[in-house]
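See structure below.
The values are calculated or read from the model by the stated rules, or taken from the named source; none is laboratory data. Keep in mind that this is a model prediction, so the values were computed, not measured. Cβ atoms come from the backbone with ideal geometry, glycine included; neighbour counts cover every protein chain shown.
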Amino acid sequence: MYGNLWIAACALALAFQTQFVLTGAFRFSPVAAFVFFGTLSLYGLHRIIGLNKVQAFKNKGRFAVISRFTSHILFYAGVSAVAAAWYWFKIPVRIWPWLLFPGLLGGGYVIPIFKGKRLRDFNDIKIFLIAVVWTAFTVLAPAVELHRHLEAGIWLMALERFLFIFAITLPFDLRDLPVDTLTGVRTLPRLLGRRRTVWVSAGCLILAFSLAAVNFGRGLYAGDVLIGTGVTTVVTIGLVAGSRPERHDYYYSGLMDGMMIFQFLAVWITTLMI
């Protein structure tokens, strides 16, 4: 359950970051609340369904924890789903389409609706789906809520966020190599190997920072936002370089996912200090 709370907090932090960059403040708005509770519910469901797909690993590592606390995870996922539904109807109707499509993608990623297969069970697309859904929820939907989504800089921000999420998700595919090999899912690390995967991830982070620099030049980002993003880029590249399949799950679910919260805090704290 704590892992699900952590990833939901990561989603909320990125939504807050978008609000903060665009307005200089952040708040628990209906969109931010939906992102938090929707993520909490979806990832809880993901843990349970995923466990049924990897019975060979049921008594190992994080899967053993999920197996032990299945009933708790289901309960909290259900409560979170009710909360997400409550906030959905507090969101203006004009924002619904911006949440509905990525929400359906997220549901298809978790629920086996394709003849017993989830979207994540298809070759090569898993990491792209994650990046698209997270970008839509944490950049585009908050921007629509603020009536800022028609600005070119917002779409550069979305591409920056896509690259950032893509980069920190790639190491998870390194961690999941044994599971993906067992289930027959082809991922980039299976095709490229560890060293090339690390280089691709680092390249995406550098490109994401370059887009942040462009938005700084355009006037959308203040200098402190760029500094916070730069610090996050350096720290994240260091973590990516240290990622290996044998690393403890906390390295990925804790530190690597935590870079989303770290980036928000880096941007916010830098702003307060300068």
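Quick grid of which residues meet (1) hydroxyl-bearing (Ser, Thr, Tyr); (2) in a helix (DSSP H, G or I); (3) surrounded by fewer than 21 Cβ atoms within 10 Å (Cβ to Cβ); (4) touching a residue at least 24 places away in the same chain (Cβ under 8 Å):
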{"position": "Ala9", "(1), (2), (3), (4)": "no, yes, yes, yes"}
{"position": "Leu12", "(1), (2), (3), (4)": "no, yes, no, yes"}
{"position": "Phe16", "(1), (2), (3), (4)": "no, yes, no, yes"}
{"position": "Arg27", "(1), (2), (3), (4)": "no, no, yes, no"}
{"position": "Ala33", "(1), (2), (3), (4)": "no, yes, yes, yes"}
{"position": "Leu40", "(1), (2), (3), (4)": "no, yes, no, yes"}
{"position": "Ile48", "(1), (2), (3), (4)": "no, yes, yes, yes"}
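Identify all residues within the range 1-48 that are touching an Asp or Glu at 6+ places or on another chain (Cβ under 7 Å) and either within 24 Å of Gly153 (Cβ to Cβ) or polar (S, T, N, Q) (or both); write none if there are none. Scanning the range 1-48 gives Cys10, Ser29, Val31.
When restricted to residues that are surrounded by fewer than 20 Cβ atoms within 10 Å (Cβ to Cβ) and under 19 Å from Ile130 (Cα atoms), the range 194-223 contains 4.
Entry remark, the range 104-122: residues being exposed (fewer than 13 other Cβ atoms within 10 Å of the Cβ) and assigned to a loop (DSSP other than H, G, I, E, B) number 3 in total. Taken over the range 17-60, the residue count meeting the criterion of being among the hydroxyl-bearing types (Ser, Thr, Tyr) and either modelled with pLDDT of 95 or more or farther than 21 Å from Val82 by Cα (or both) is 3. On the stretch given as the range 157-197, residues that are part of a helix (DSSP H, G or I), modelled with pLDDT under 90 and among the β-branched types (Val, Ile, Thr) total 4. Annotation: Leu191 fulfils all but one of (1) over 19 Å from the mean Cα position of the chain (by Cα); (2) surrounded by 17 or more Cβ atoms within 10 Å (Cβ to Cβ); the unmet one is (2). Does at least one position in the range 124-144 carry a residue that is in a loop (DSSP other than H, G, I, E, B), more than 20 Å from Gly44 (Cα to Cα) and not β-branched (Val, Ile, Thr)? Yes.
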